[in-house]
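Below is one structure, written out as structure tokens; comments come after it.
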Amino acid sequence: MLNNSEFLDEMYNAFDPFEPLQAGDPAYVDCREVRGDDDIRKALGKRISRTKNRTTCHLYTGHRGAGKSTELLRLKQYLEESGFFVVYFAADAEDIEPQETQYPDILLACTRHLVKELKDSSNPRPLLDWIGSRLKELKDLALTEIDFDGLSVEAQIAQWAKLTANFRAVPSMRHQIREKVNPHTVTLIEALNEFIREAKKKLPEGRSRLAVIADNLDRIVSVVQESGQTNYEEIFIDRSEQLKGLDCDLIYTLPISMAYSKRAADLREVYDMVQILPMIMVRTPEGDIYEPGLSKVKEAIAKRVEPFAGDRSLESDIFDSADTVTNLCLMSGGHIRNLLQLVQEAVNNSDDLPISARAVQRSITTARDTYRRTVENNEWEILAKVGRSKQILNEDRYRNLSFNRCLLEYRYFDDRGEMQRWYDVHPLIQDIPEFKEALAKD
């Protein structure tokens, strides 16, 4: 059995908030019944696999850190079991710059990862020709002297994406780059589809269809453009035909604030499905503890320590009491990444087992201070309104607070079997003096 110091080291790493669980991981907890019966395999997997006569395009969203990546990896497994070859990627710094993302960046990211996964099954020449033509145009602007000769196709695509992203970061260059690159996304799609169609003929045995899952696009920051609309609208609405244009089934993640914007109906009209992952419900709308949800969050902690816990009890040996564990779970608001962060910080505040209520409270205080700095002075009143009504308005101010995870969404089914959606202020905010003062006002 591990000694206490070794146990804390193992526990710290088991609660890494930035590593999604892979499909089939024994630490996974099925939370459908406390998330409004949300099931990505049923909601998206079956829709995709049952649509035989055309390709589909779906959007998947939820609060950052709610567990979308873990669910998308489960979707990947489901589709693979249904005869798909799935290219999953979590967009990183080589793919997108959250502050400056445009729709060509997403297409280039899909291109890079498709080529990486399928380069042995298809001819990349059409894509290389496209890159070569665009590079020549940039050289004509005297923007670069970079030579791509000798680089692999994946490296050329990665360098191209990085190159254009760097140029867009210079305000004086943005307009010129857009004029040179954006009009050619149609030819990029044509070149990529030529690559895809050839690759689909040579998929591994047992694979008859191709799907792409583009994760982490929900991290794109909203930017109001010169036209008055946001980059979200341009990417997901105005350029939807380009995003949907690849000759395979597609799943893109979407910033949650876009799902609640004035364009929500347009999204539903344009895409096959917009699926939203809610929080784990740990309290009722009336503020009472919701025991089924609380039990699921406790189970999520227990399963993470199970491989090395031995005969240690979660509520007496690992933590000092059941109340300490309950407080930790409730303060997470049912938000998985917040839960992992709170546990990890509590471990970091501990030199020995059991982890004390004081160590947990310190982790809560640290996280609460982060949220206090996130909320602007004119937003406390908005939070107080949601705290009283449990509903949000279709306004940018509410959407921004959702994007920042200050407001959380929950769902449940009532006695009539109808799904009810409600919202609440993150529990970490509810004890902040500014929020209490705003709540006390009528």
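The values are calculated or read from the model by the stated rules, or taken from the named source; none is laboratory data. No experiment lies behind these values; they were computed from the predicted model shown. Neighbour counts are summed over all protein chains in view; Cβ atoms, including those assigned to glycine, are modelled from backbone coordinates with ideal geometry. Side chains included, ligands, DNA and RNA excluded: accessible areas come from the protein's heavy atoms. Shrake-Rupley method; radii C 1.70, N 1.55, O 1.52, S 1.80 Å.
Name the residues in the stretch 301-320 that are in a loop (DSSP other than H, G, I, E, B), surrounded by 14 or more Cβ atoms within 10 Å (Cβ to Cβ) and either touching a residue at least 40 places away in the same chain (Cβ under 8 Å) or small (Gly, Ala, Ser) (or both), would you?
Restricting attention to the stretch 301-320, the residues satisfying the condition of being in a loop (DSSP other than H, G, I, E, B) are 310-313, 320.
Now restrict to residues that are surrounded by 14 or more Cβ atoms within 10 Å (Cβ to Cβ): 312, 320.
Answer for the stretch 301-320, where residues must be in a loop (DSSP other than H, G, I, E, B), surrounded by 14 or more Cβ atoms within 10 Å (Cβ to Cβ) and either touching a residue at least 40 places away in the same chain (Cβ under 8 Å) or small (Gly, Ala, Ser) (or both): just 312.
Restricting to the stretch 1-20, give me the number of residues that are open to solvent by less than 20 Å² (accessible area, probe 1.4 Å) and in a loop (DSSP other than H, G, I, E, B).
Let us first name the residues in the stretch 1-20 that are open to solvent by less than 20 Å² (accessible area, probe 1.4 Å), namely 7-8, 11, 15, 17.
Going one step further and asking which of them are in a loop (DSSP other than H, G, I, E, B), we end up with 15, 17.
Adding up the residues that qualify gives 2.
When residues of the stretch 274-300 are filtered for being farther than 15 Å from residue 34 by Cβ, in contact (Cβ under 8 Å) with a residue 24 or more places away in the chain and open to solvent by 60 Å² or more (accessible area, probe 1.4 Å), how many remain?
Residues meeting the conditions: 0.
Return the residues of the stretch 21-36 that are open to solvent by less than 50 Å² (accessible area, probe 1.4 Å) and among the charged types (D, E, K, R); say none if nothing qualifies.
Answer for the stretch 21-36, where residues must be open to solvent by less than 50 Å² (accessible area, probe 1.4 Å) and among the charged types (D, E, K, R): just 35.
Among 399, 405, 411, which is open to solvent by less than 70 Å² (accessible area, probe 1.4 Å), touching a Gly at 6+ places or on another chain (Cβ under 6 Å) and modelled with pLDDT under 95?
Details: 399 fails: touching a Gly at 6+ places or on another chain (Cβ under 6 Å); 405 fails: touching a Gly at 6+ places or on another chain (Cβ under 6 Å).
On inspection, the qualifying residue turns out to be 411.
Return the residues of the stretch 241-270 that are hydroxyl-bearing (Ser, Thr, Tyr) and modelled with pLDDT under 95; say none if nothing qualifies. Can you show your working first?
Restricting attention to the stretch 241-270, the residues satisfying the condition of being hydroxyl-bearing (Ser, Thr, Tyr) are 252-253, 257, 260-261.
Within the stretch 241-270, 257, 260, 261 qualify.
Quick one: is residue 357 over 30 Å from residue 45 (Cβ atoms), crowded, with 20+ Cβ neighbours inside 10 Å and over 21 Å from the mean Cα position of the chain (by Cα)?
So residue 357 does not fit the description; no.
From 237, 220, grab the single residue that is among the hydrophobic types (A, V, I, L, M, F, W, C), touching a Lys or Arg at 6+ places or on another chain (Cβ under 8 Å) and farther than 19 Å from residue 40 by Cβ.
Criteria check complete, one pass: 237.
Counting only residues that are among the polar types (S, T, N, Q), part of a helix (DSSP H, G or I) and touching a strand residue (DSSP E or B) at 6+ places or on another chain (Cβ under 8 Å), how many does the stretch 380-404 have?
1
For residue 41, which of the numbered conditions (1) under 30 Å from residue 181 (Cβ atoms); (2) in a helix (DSSP H, G or I) fails to hold?
(1)
So, in the stretch 372-395, of the ones that are within 19 Å of residue 258 (Cβ to Cβ) and in contact (Cβ under 8 Å) with a residue 60 or more places away in the chain, which residue ends up least open to solvent (accessible area, probe 1.4 Å)?
Out of the qualifying residues, it is 392.
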